[in-house]
Amino acid sequence: MNQSSRKFSEIESQAGIKLRVLVTDGMPWDLASTTSFIDSQPFKIDNTTSTIVPPIETSIFNLPRQFSSIQGLNSWYYYIGTPSKLKEAVFDNIVSPWGVVNLYNWNGGIGSLGPRYLQITGRDLNDWRNPGTCGWLIPGEGSDVVLGWRADRSGTVYISAMLNTARADATSRSSSDDGVLFSIWKGSQRITDESRVFRGNSESNRIPYVIKRTNIGVTVGDMIYFYIRRGNWQDCDEMYYSFTISYDPNADLDHPRSIYNISGGTVTLSATDDHSEVASLEYSLHDRNTDTWLPWVRYESPFVLSPNIDKFIYRAIDSIGNLEPYHIVLIGSR
């Protein structure tokens, strides 16, 4: 029996088999033209059952990488309230009391209809690898923020969450500052401890970020909630966030690690990741003359510190969307 007459069931099992599909809307068929065919993704042929088995794709869900202006897209939902009492947020870039803001923004509703100040923002909607104008959330005046994820199939999900204060300065304006309280829920059941994230009134009691890891079984339609509770004082605490969920126990749930080097006033940044690629490095500079933080920018090459810069923060984000908590660097007198 020659190679061309072998039965399908006798073909050896192997990965990387492709099917070539003829594309035509009628006769005649141009069999010599490569444009008449489309190659499939690689398949595996099983010689015991003669069935074609497509490769299993690992589903990884992440905010802010998958941030959207549509509720439910990529299984993500944006809420106001608590896990037991939810109200869908509104995507309209109108935030009371500021009016229209130039952000990718979910909020509590138009004007006085929703809580004041509340915002859930994403990164650059055209390219999530860019820092964009935002990528943080703020509980409103008297209102909490909940980000929800809906299970699209049954199984065990593996969860990693990072919440990082957007306030780089260590010292709060008041000793009463309590930041936010963060926990993860499955439906009405809290599945992690509640942790505090805040600036504090001194460097010694500052808790700038928290990272939580857990796993739990789900069925189709189950909801996982990332609950950011506003606390009891000064509701409007800005937080950077990164939430990753996967059905694969070996998926990348870890943020990348970045480092800096300063030589002769020139700063070099670099980052590594054990499981996936580093998508972006970014930094923000502090101007001592105006006492303001400049917007986050993407790191492309070493940069020179001008005399008015007295500190900077930097961080990395990987190709999954895991965001690293920022590092702060204080610059000595020059």
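The values are calculated or read from the model by the stated rules, or taken from the named source; none is laboratory data. These numbers were taken from a predicted model, which means no experiment stands behind them. When we count neighbours, we look across all protein chains shown, and the Cβ atoms used for this are built from the backbone with ideal geometry, even at glycine.
For region 171-188, name all the residues that are closer than 24 Å to Ser204 by Cα and surrounded by fewer than 16 Cβ atoms within 10 Å (Cβ to Cβ). Correct list: Thr171, Arg173, Ser174, Ser175, Ser176.
Residue count for region 55-100, restricted to those that are of a type in the set (Val, Ile, Thr) and under 22 Å from the mean Cα position of the chain (by Cα): 6.
Summed over region 291-334, residues that are touching a residue at least 12 places away in the same chain (Cβ under 8 Å), exposed (fewer than 14 other Cβ atoms within 10 Å of the Cβ) and assigned to a loop (DSSP other than H, G, I, E, B) total 5.
Out of the residues in region 101-115 that are under 16 Å from the mean Cα position of the chain (by Cα) and either assigned to a helix (DSSP H, G or I) or not hydroxyl-bearing (Ser, Thr, Tyr) (or both), which is surrounded by the most Cβ atoms within 10 Å (Cβ to Cβ)? Step by step, filter region 101-115, then rank; the result is Trp106.
Restricting to region 255-288, name every residue that is of a type in the set (Gly, Ala, Ser), part of a loop (DSSP other than H, G, I, E, B) and touching a residue at least 40 places away in the same chain (Cβ under 8 Å). Walk me through it before giving the result.
Taking region 255-288 as the starting set, the residues that turn out to be of a type in the set (Gly, Ala, Ser) are 258, 263-265, 270-271, 276, 279-280, 284.
Filter once more, so that each one left must be part of a loop (DSSP other than H, G, I, E, B): 264-265, 276.
Scanning region 255-288 gives Gly265, Ser276.
Considering only residues that are touching a strand residue (DSSP E or B) at 6+ places or on another chain (Cβ under 8 Å), of a type in the set (Gly, Ala, Ser) and within 22 Å of Asp169 (Cβ to Cβ), which ones fall in region 267-316? Of everything in region 267-316, those that are touching a strand residue (DSSP E or B) at 6+ places or on another chain (Cβ under 8 Å), of a type in the set (Gly, Ala, Ser) and within 22 Å of Asp169 (Cβ to Cβ) turn out to be Ser284, Ala316.
When region 116-151 is examined, which residues are found to be basic (Lys, Arg) and crowded, with 24+ Cβ neighbours inside 10 Å?
If the condition is that a residue be basic (Lys, Arg) and crowded, with 24+ Cβ neighbours inside 10 Å, then Arg123 is the only one that fits.
Only one of the numbered conditions (1) more than 23 Å from the chain's Cα centre (by Cα); (2) modelled with pLDDT under 95 is violated by Cys236, and that is (1). For region 212-231, indicate whether the set of residues that are out of contact with any Gly (no Cβ under 7 Å at 6 or more places or on another chain), over 16 Å from Gly148 (Cα atoms), assigned to a loop (DSSP other than H, G, I, E, B) and assigned by TED's automatic domain parsing to the domain that holds Arg116 is non-empty. Yes, the conditions are met somewhere in region 212-231.
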